[in-house]
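**Student:** Sharing a structure with you now.
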Amino acid sequence: MLIIAKEPVPGRVKTRLTPPYTPAEAAALAEASLADTLHAVLAMPAGRRVLVLDGQPGPWLPPGFEVVGQCDGGLDERLAAAFAACRGATLLIGMDTPQVTPALLAPALSPGSWHDCDAWFGPAADGGFWALGLAEPDPELLRGVPMSTATTGAAQRRRLTDAGLRVRDLPMLRDVDTAEDAVRVAADAPGGRFARTLARLSSRATVR
């Protein structure tokens, strides 16, 4: 499994949460989101668990992960490079869906997941995607796909099907991009670190 992530540094992550949150609060939410994601991945059967990181690891990283740096270039190039370093069936997810659970990931990681299947695709509510699995990692399946648009997910899925791949879908999830997203995602996963962090920050705002 691959998790592509950015070090949760104030001013560099979750900038669309500011305002209403300060850069430090947005970074705290990003760290909580990443921590929830990493712990969900730890609970899954995987031969390798690799954090593809822009930045440096911190105390939020639990044991059990290899850490590799992201390459330079746009997101399509960074995702392509992450897959290029893998052999065999590989599932990549991001750090922006802290509501992810082992149950949501299980269809792509259980025995028989890749029988009559070449790719797994997890669409995001904003038009992107939160998960991409490839039976045979091929970086050219990602290079040139326009990223961070309302049609990124459709373009990426079309790239897979145009290549003749048999694609199965994971459930649609919501990325945490805005304050509204944060509230809705926390409600979907009320027991996670992300939800607890959001509740703590909200209580501080009420006091202020």
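**Student:** Rounded to whole Hz and in sequence order, give me ³J(HN,Hα) for the stretch 56-66 from the Karplus expression 6.51 cos²θ - 1.76 cosθ + 1.60, θ = phi - 60°, writing x for Gly and Pro.
**Tutor:** 10, x, x, x, 6, 8, x, x, x, 10, 7
**Student:** Each label point is 7 Å from the Cα along the Cα-to-Cβ direction; what then is the distance between the points at Val183 and Ala84, in nm?
**Tutor:** Placing both labels 7 Å along Cα→Cβ, they lie 4.3 nm apart.
**Student:** Which whole-Hz ³J(HN,Hα) couplings does the stretch 24-40 yield from phi under the Karplus relation 6.51 cos²θ - 1.76 cosθ + 1.60, θ = phi - 60°, glycine and proline marked x?
**Tutor:** Coupling constants for the stretch 24-40: 5, 5, 4, 5, 5, 5, 5, 4, 5, 4, 5, 4, 4, 5, 4, 5, 5 Hz.
**Student:** Okay, next question. What size of dipole, in debye to the nearest 20, comes out for the stretch 20-106 about its Cα centre when the only charges are +1 on Lys and Arg C-beta atoms and -1 on Asp and Glu C-beta atoms?
**Tutor:** On the way: 4 positive and 9 negative charges, 83 e Å.
The calculated dipole for the stretch 20-106 is roughly 400 debye.
**Student:** Another question about this same structure. Using a basic spin-label model with each label point 7 Å from the Cα along Cα→Cβ, how many nm lie between Thr18 and Asp54?
**Tutor:** 1.5
**Student:** Tell me the volume per residue, in Å³, of the convex hull enclosing the alpha carbons of the chain.
**Tutor:** 110
**Student:** Under the rule of at least 5 residues apart or a separate chain, name every residue whose amide H is placed under 5 Å from the amide H of Trp130.
**Tutor:** Gly122, Ala124
**Student:** Could I ask something else about it? What are the residues whose amide H is under 5 Å from the amide H of Arg49, where those residues sit 5 or more places off or on another chain and H is modelled from the backbone?
**Tutor:** Glu66
**Student:** Which residue, Gly128, Leu17, Gln70, has the largest displacement toward the positive end of the dipole of the chain when charges sit on each Cβ (Lys, Arg +1; Asp, Glu -1)?
**Tutor:** Leu17
**Student:** Which residue fluctuates the most in the chain, going by a Gaussian network model with Cα springs under 10 Å, if the choices are Glu31, Glu136, Glu180?
**Tutor:** Fluctuation is largest for Glu180.
**Student:** Running a GNM on the chain with Cα contacts under 10 Å, which residue among Gln156, Gln70, Gln56 ends up with the highest mean-square fluctuation?
**Tutor:** Result for the chain, Cα springs under 10 Å: Gln56 fluctuates most.
**Student:** Can you run phi through the Karplus equation (6.51, -1.76, 1.60; θ = phi - 60°) for the stretch 81-95 and list ³J(HN,Hα) in whole Hz, with x for Gly and Pro?
**Tutor:** Taking θ as phi minus 60°, the curve returns 5, 4, 5, 4, 8, 10, 10, x, 4, 9, 10, 10, 9, x, 9 Hz for the stretch 81-95.
**Student:** Taking a probe of 1.4 Å, how large is the accessible area per residue of the chain, in Å²?
**Tutor:** Heavy-atom accessible area per residue stands at 46 Å².
**Student:** Leaving ligands and nucleic acids out of the surface, order Asp138, Asp175 by accessible area at 1.4 Å, largest first.
**Tutor:** Descending accessible area places them as Asp138, Asp175.
**Student:** How many angstrom lie between the C-alpha centres of the stretch 102-119 and the stretch 1-65?
**Tutor:** 24
**Student:** To the nearest 500 deg cm²/dmol, what mean residue ellipticity at 222 nm is calculated for the chain from DSSP H runs of n ≥ 4 alone, each contributing -39,500 (n - 2.57), summed and divided by the residues?
**Tutor:** -11000 deg cm²/dmol
**Student:** If you wrap a convex hull around the Cα atoms of the stretch 85-208, how much volume per residue is inside, in Å³?
**Tutor:** Looking at the stretch 85-208, the number lands at 116 Å³ per residue.
**Student:** Show me the trypsin sites (Lys or Arg not before Pro) within the stretch 1-107 that DSSP assigns to loop and that have at most 10 other Cβ atoms within 10 Å of their Cβ.
**Tutor:** Within the stretch 1-107, the qualifying trypsin sites (Lys or Arg not before Pro) (loop, at most 10 other Cβ atoms within 10 Å) are Arg87.
**Student:** Which value in nm describes the separation of the simple spin-label points at Arg143 and Arg168, placed 7 Å from the Cα toward the beta carbon?
**Tutor:** Spacing of the two 7 Å Cα→Cβ label points: 3.0 nm.
**Student:** Compare Asp72, Asp96, Asp177 in a GNM of the chain, Cα atoms joined below 10 Å, and give the one with the largest fluctuation.
**Tutor:** Sorting by GNM fluctuation, first place goes to Asp72.
The values are calculated or read from the model by the stated rules, or taken from the named source; none is laboratory data. Quick caveat, the model's predicted, so the values are computed rather than measured. Glycine also receives a Cβ, built like all others from the backbone with ideal geometry; neighbour counts cover every protein chain displayed. SASA here: full protein model, heavy atoms, side chains in, ligands and nucleic acids out. Shrake-Rupley method; radii C 1.70, N 1.55, O 1.52, S 1.80 Å.
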